[in-house]
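All of the numbers you see were taken from the coordinates with simple rules; none came from a lab. For clarity, every value in this text was computed on a predicted model and none was experimentally measured. Here the Cβ positions follow ideal geometry from the backbone for every residue, glycine too, while neighbour counts run over all protein chains shown.
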Amino acid sequence: MALAVQTKGLGFRLCIAMYSTLAVTDPELIEIFDNFAFDEVLRHDTLDVRTRLMVQLASMIACQALREYRVMLGAALTVGVTPVEAKEIVYQAVPYVGMAKVFDFIHATNDVLTERGVKLPLPGQSTTTPENRAEKGLAIEAGRRQRSRGEPLRLGPRRSSAHPALPVGALLWRPFDPHRHRRADAGQDGSLDDRCGWE
């Protein structure tokens, strides 16, 4: 299987002349991967290179691919992702994967930026304060909801109709209760076990 011409050009441009030892030790795998990632996928892609690389950086944080993240961050910076955008990708990952998993990526991002001559820390980007962030966040969310659904934002929990007879707490603890088979009421008429189909 010959490497597609489009693959070679884009692969080399993105990897910034990074030489992969896998091309020597595992040439068949690299050929298949390059044809898939840099040719077949791109034929169906509607994202520009910059945006696609930002999405890939975020996914690499989520799956903890630190070595590949460093390489792709260099490629992203080369095609126009700004240092501020690179840092925001890492910062925005914290609520999704946790600080412990993002910690090494913060250091890797700082290392790559420093190697490229970027002076740290970057200027602050915050547009809110602790005093007004809840209010501003609700205003943004209300606008989004109004535009997408045509309905105003409702504050507070909505009543779930999915399982009206089952209290949420029972759904959370009951399946994991190791002693439920010993309980005197297990399986009796109207018990939670009967309603949920648990034995």
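Considering the stretch 77-100, the residues that are of a type in the set (A, V, I, L, M, F, W, C) and not in a helix (DSSP H, G or I) include one that is farthest from ALA62 (Cα to Cα), namely VAL79. You will find that of VAL71, VAL81, VAL90, VAL102, the residue that is touching a Lys or Arg at 6+ places or on another chain (Cβ under 7 Å) and crowded, with 16+ Cβ neighbours inside 10 Å is VAL81 and no other. Going through (1) assigned to a helix (DSSP H, G or I); (2) hydrophobic (A, V, I, L, M, F, W, C); (3) out of contact with any Asp or Glu (no Cβ under 8 Å at 6 or more places or on another chain) one by one, MET60 falls short only on (3).
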